[in-house]
Amino acid sequence: MRTTREYDAIVIGAGFAGMYLLHRLRDDLGLRVRVYERGDGVGGTWYWNRYPGARCDVESMFYSYSFSEELEQEWEWTERYPTQPEILRYADHVADRFGLREDIEFSTSVRGARYDGTTDTWTVVLEDGRRARAPFLVTAVGCLSAARVPDFEGLDSFTGETYHTGRWPHEDVDFTGKRVAVIGTGSSGIQAIPVIARQAAHVTVFQRTPNFSVPAQNGPLSPDEQRRVKADYRRLRHAARVSAAGVVTPPALGNALEVDEELRGAELDRRWAAGGTAFMNTFTDTVTDEEANRVTADYVRDRIRETVKDPDVAELLCPKDHPIGTKRICVDTDYYATYNRDNVTLVGLRGNPIERITPSGLRVGGVDHEVDVIVFATGYDAMTGPLNAIDIRGLGGISLREEWADGPRTYLGVAAAGFPNLFMVTAPGSPSVLSNMIVSIEQHVDWITDAIAHARRAGIARFEARREAQDTWVEHVNEVASHTLYPRAASWYMGANVPGKPRVFMPYLGGVGTYRRICDEVAGDGYRGFTLTAAAPARSARPARA
Ligand code: NA7
């Protein structure tokens, strides 16, 4: 008979969240922790997303852990925005530096997890049938890790090579002399297309929805700039933690239409030239007021028309169906200019979808496009996909997947009623994808570590979100989103990219600073909204807190 291995906590995923969880729970709380990771290395998103041009859109100096001053000071970033290989090297360095690998089981997927209400423990079942048990289960599965290839007719008939940006091979893919189709123009497509176009014989881009993209203005990071940030890290990290999106940006000018027109244009020019997502923060009301939104959106459309020489192609690239910022803003290097190359063709799919994949390419509007390679930059079953891929069963065998059939429901985006002792890092209902993920990850991991420490100290066996608290939180998340333009876009924030997925705005828009304050208040108030039940035999006497 197989034995069930026993731990104090089990963590699913060894990306940036799982690694930091392991460090905190094991090295600070002294717990026996096991991390299961399906990849054969650490890094999560950055382990899988190896496509050409893959790069973070948060600056290197701030897309990094803040928990260790030594780590912060010793690591040298080379560019303003880090490439995927550099981020992966950093993740590997962290794993080595903190001796994390010995408690991570790689190439190991978790199939299911079940809570036993009689022992107040989670039993995790791995793909190969092995089992492990612990009082606490923490998911660190990432928000964009369930890669999705749409169900195109004839997909299997294609005889050339196919790749998904989020499942890229570890070996170099050589496009030299090849005709390449790229489907999708989200962040991944927008980063990959210019790089592939420099190598391939021809690139045909299949675009359903044009996206707004701002230039990265990437470049080498000077030693002086690194020194300046490193000397000021404590202040800057604090500023990021209390900011709206986990990044420090120049303050907004004010409401777009109240700012003098000349000043407005000059500031947009300045931010466009400076590069990066701070451009979106030029005015306070860009994502809350339609007219204000048009100021920034028109500015970008003008830049597209100015850059792309063929006016028809430029028009096809101009986003017109959603307010700027309501789909994730892209950050690029030479994206729009790439359409001036002779070896790049744009095919619009609006009202003219891909009919089928054929053995030699794609058919659109009755026209066959023959290619050697198809790159699917078609995105993810975002946020809920990675959690729903695991059969998670709470009290009485209730299924998380079924509980979330009409959209995810969480308390604070970190716990769910009916699933005691389960914590979910950057789950729906928390700022997560609307923020610098590392800032949000550190905040969640610290909060979860404190919660587990509290439970152990106070002899709490069962730590469970209350359904009323969850309902109130879900209502609040929806309420905040309803005051913005976000729900107007058919975005993956809304689940709109996956046919049949409920349309619910998933991340919390209140800002990371506000969110952190709420989480701290909940903890400070004895974990308000949670029911904490003492371990038996004390349990029958009284609940530790109700
Ligand atoms: P995204 O942003 O979800 O982009 C996926 C793209 O693929 C987007 O342009 C989609 O068009 C397109 N798509 C999806 N399904 C289809 C079908 N069936 N036909 C044609 N085109 C399709 O994923 P990314 O990987 O680029 O970026 C994900 C996040 O990673 C990004 O936001 C950053 O946070 C980092 P649509 O817009 O749905 O019309």
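The values are calculated or read from the model by the stated rules, or taken from the named source; none is laboratory data. What you see is a predicted model, and the numbers here were worked out from it, not measured in a lab. Because the Cβ atoms are built from the backbone with ideal geometry, glycine has one as well, and the counts that use them run over all protein chains shown.
You will find that of Phe463, Phe419, the residue that is at pLDDT 95 or above, part of a loop (DSSP other than H, G, I, E, B), away from the ligand (no atom under 16 Å from the Cβ) and within 22 Å of Val124 (Cβ to Cβ) is Phe419 and no other. If only residues of the stretch 164-181 that are in contact with a Phe, Trp or Tyr (Cβ under 7 Å, 6 or more places away or on another chain) and part of a strand (DSSP E or B) are counted, the one that is nearest to the ligand (Cβ to nearest atom) is His164. Can you pull out the residues in the stretch 300-334 that are surrounded by 21 or more Cβ atoms within 10 Å (Cβ to Cβ) and either of a type in the set (Ser, Thr, Tyr) or outside the structural domain of Leu346 (by TED's automatic domain parsing) (or both)? Hit for the stretch 300-334 is Thr326, nothing else. For the stretch 283-290, the criterion of a residue being surrounded by fewer than 18 Cβ atoms within 10 Å (Cβ to Cβ) and β-branched (Val, Ile, Thr) is satisfied by at least one position.
Just one of the listed residues (Glu72, Glu86, Glu76, Glu59) is surrounded by 23 or more Cβ atoms within 10 Å (Cβ to Cβ) and either in contact with a strand residue (DSSP E or B) (Cβ under 6 Å, 6 or more places away or on another chain) or acidic (Asp, Glu) (or both), namely Glu59.
Restricting attention to the stretch 192-219, the residues being among the polar types (S, T, N, Q) and near the ligand (Cβ under 8 Å from one of its atoms) number 3.
Working carefully through the options Glu59, Glu102, Glu72, Glu86, find the one that is closer than 16 Å to Val439 by Cα and assigned to a helix (DSSP H, G or I). Exactly one of Glu59, Glu102, Glu72, Glu86 is closer than 16 Å to Val439 by Cα and assigned to a helix (DSSP H, G or I), namely Glu72.
Looking only at the stretch 319-358, residues that are outside any loop (DSSP other than H, G, I, E, B), of a type in the set (Asp, Glu) and away from the ligand (no atom under 12 Å from the Cβ) come to 0 in all.
Could you list, in sequence order, all residues of the stretch 359-390 that are among the small types (Gly, Ala, Ser), in the same structural domain as Glu161 (by TED's automatic domain parsing), away from the ligand (no atom under 16 Å from the Cβ) and touching a residue at least 40 places away in the same chain (Cβ under 8 Å)? Correct list: Ser360 only.
Please find, among Ala427, Ala455, Ala490, the residue that is farther than 20 Å from Ala245 by Cβ, in contact (Cβ under 8 Å) with a residue 60 or more places away in the chain and outside any helix (DSSP H, G or I).
From the options Ala427, Ala455, Ala490, the qualifying one is Ala490.
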